[in-house]
Every structure is written in C-alpha cells, then in structure tokens.
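The values are calculated or read from the model by the stated rules, or taken from the named source; none is laboratory data. Not measured: the values here are computed from a predicted model. Glycine also receives a Cβ, built like all others from the backbone with ideal geometry; neighbour counts cover every protein chain displayed. Ligands, DNA and RNA are excluded from the accessible area calculation, which covers all protein heavy atoms including side chains. Shrake-Rupley method; radii C 1.70, N 1.55, O 1.52, S 1.80 Å.
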Amino acid sequence: ETGVTQTPRHLVMGMTNKKSLKCEQHLGHNAMYWYKQSAKKPLELMFVYNFKEQTENNSVPSRFSPECPNSSHLFLHLHTLQPEDSALYLCASSQETTGTGNTEAFFGQGTRLTVV
Amino acid sequence: ILNVEQSPQSLHVQEGDSTNFTCSFPSSNFYALHWYRWETAKSPEALFVMTLNGDEKKKGRISATLNTKEGYSYLYIKGSQPEDSATYLCAFIILTGGGNKLTFGTGTQLKVEL
C-alpha cells in the first residue's frame, strides 16, 4: 500500500467511448503525475500538476484530458482513443516544496487500458 | 530529448549471486537520480534518491553509487534472493516550473532462480 490509489485497475473501451481514470493520494503531497507505459518502452511522463495547477503537458494528444480538482485527486479523461493508446497508465505523487528533485515519487498500481 | 539508458535489459542469476546494473544519464544539468524497484502486479517503489556526486546509499543488501561527472549510477545487489526478482528502474530528474519531471530508463529485469 503506497498511499496512492488508482481506479479502475483494468479498463476495456471502444474507440468511441468516453471514460475516466481516477487517482487519489492520501499522503498530503502537492504534486501529482500521470505516466504511460507501453510495451517495451520506458515510463513516459504525460502530465504534471503542482498545487492543482498543470505545470507540464508532455505533448500529449488532446484525446487525453487531465483534471486536478484538488491536491489529493487527479483524473485522466479519455475520449476517442486509438488502439495504440492501449497501455498501463500510472499515477504518482510527490512532495515538491523545494524543487530540488530529491524527494521520491509514490506510485499507484496503475490502470491497464485496452482500446478495442 | 534526454536518454537514460540501463543495462543489461535483463538478467538471470542464481540465489546467492551478487549482481549489478548500470544507469547512464546526461551529465549536464544534473539535479537528482532515483532508483525504483517494480515487482510484477505492484507499484514502482523508491529505493534511493541520489543528489550528490560520489553519493553511496545502502538499504539492506542493495546499494547504489553515483557519478554525476561521467553520468552513471550503479545498483548492486549482494547475495540475491528470489524476492529480489523485479524490474529495477532509474530516473533522471529535470526540474520543471513545479513538480519534478522524471525521465525513466527502460529498466533492468532481474530474475533470481533457486
């Protein structure tokens, strides 16, 4: 139990569906992240939120839409995805007050997404 | 584009063997390097956060060293056990305006056999 919870754990959706991934952290952290892992590729940063403000969008297509209503919750809204978007989506959080990079990230267990 | 490279990609060792992996990263604009351990069906878990050239950190049978001038870090496991089987990830840190941007390597997949 890392203190970061993701739901659902598995999701199968059609290309015309709209779905959302949810992430919740109980650690009091101020930064939250979405990562994507495709087969045989490194973990790829998608979005960074710090104090609820988006500070990084790593050239992610607009069919992925993040939302951070408060520091504890992060959503990833999915719309008209493609089969190549099938991947493991990981949420993480960290406490970033000094910006030194020396605090670890805590990860959820991920959502395994399959687009059919 | 930042390249964080890890080698080897995979490793099979026998119980009791000692082993080590390498993480190579850009040596300029270094802020921090993280090591994570990722067991199947679980979350990645931080092992070490390293910030200073020459840093050596240890947690039980696992240790890591850091050379920021030449851009590499080594992770060592002494006396490997089956429960050490996992993927070991390193991540290079770039500071953004807020929050850290971790650039991950592809990982080293370790399998420890009895």
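Can you find a residue in segment A:60-82 that is of a type in the set (D, E, K, R) and buried (at least 17 other Cβ atoms within 10 Å of the Cβ)?
Here is the first cut: in segment A:60-82, the ones of a type in the set (D, E, K, R) are A:63, A:67.
Keeping just the survivors that are buried (at least 17 other Cβ atoms within 10 Å of the Cβ) gives none.
Scanning segment A:60-82, I find no residue that is of a type in the set (D, E, K, R) and buried (at least 17 other Cβ atoms within 10 Å of the Cβ), so the answer is no.
Open to solvent by 80 Å² or more (accessible area, probe 1.4 Å) and either of a type outside the set (A, V, I, L, M) or under 13 Å from the mean Cα position of the chain (by Cα) (or both), is that true of A:Glu24?
no
Which residues, taken from segment A:57-95, are within 22 Å of B:Val49 (Cα to Cα) and either away from chain B (no Cβ under 14 Å) or in a strand (DSSP E or B) (or both)? I'd like the intermediate steps shown before the answer.
Step one: filter segment A:57-95 for residues within 22 Å of B:Val49 (Cα to Cα), giving A:90-95.
Residues satisfying the conditions are A:Leu90, A:Cys91, A:Ala92, A:Ser93, A:Ser94.
Among (1) at pLDDT below 95; (2) open to solvent by 30 Å² or more (accessible area, probe 1.4 Å), there is one condition B:Asn100 misses while meeting the rest; what is its number?
Result: B:Asn100 fails condition (2) only.
Of all the strands (runs of 3 or more DSSP E) wholly in segment B:39-78, which have at least 2 residues that are under 20 Å from B:Pro8 (Cβ atoms) and in contact with an Asp or Glu (Cβ under 7 Å, 6 or more places away or on another chain)?
B:62-67
If you go through segment B:84-107 one residue at a time, do you hit one that is of a type in the set (Ser, Thr, Tyr), more than 8 Å from every other protein chain (Cβ to nearest Cβ) and in a strand (DSSP E or B)?
yes
Sort through B:Lys57, B:Lys69 and tell me the only one that's open to solvent by 50 Å² or more (accessible area, probe 1.4 Å) and within 14 Å of chain A (Cβ to nearest Cβ).
The conditions single out B:Lys57.
Please verify whether B:Ser85 is under 11 Å from the mean Cα position of the chain (by Cα) and either among the hydroxyl-bearing types (Ser, Thr, Tyr) or at pLDDT 95 or above (or both), treating the condition exactly as stated. Spell out the reasoning first.
Working: under 11 Å from the mean Cα position of the chain (by Cα): no; either among the hydroxyl-bearing types (Ser, Thr, Tyr) or at pLDDT 95 or above (or both): yes.
No, not satisfied.
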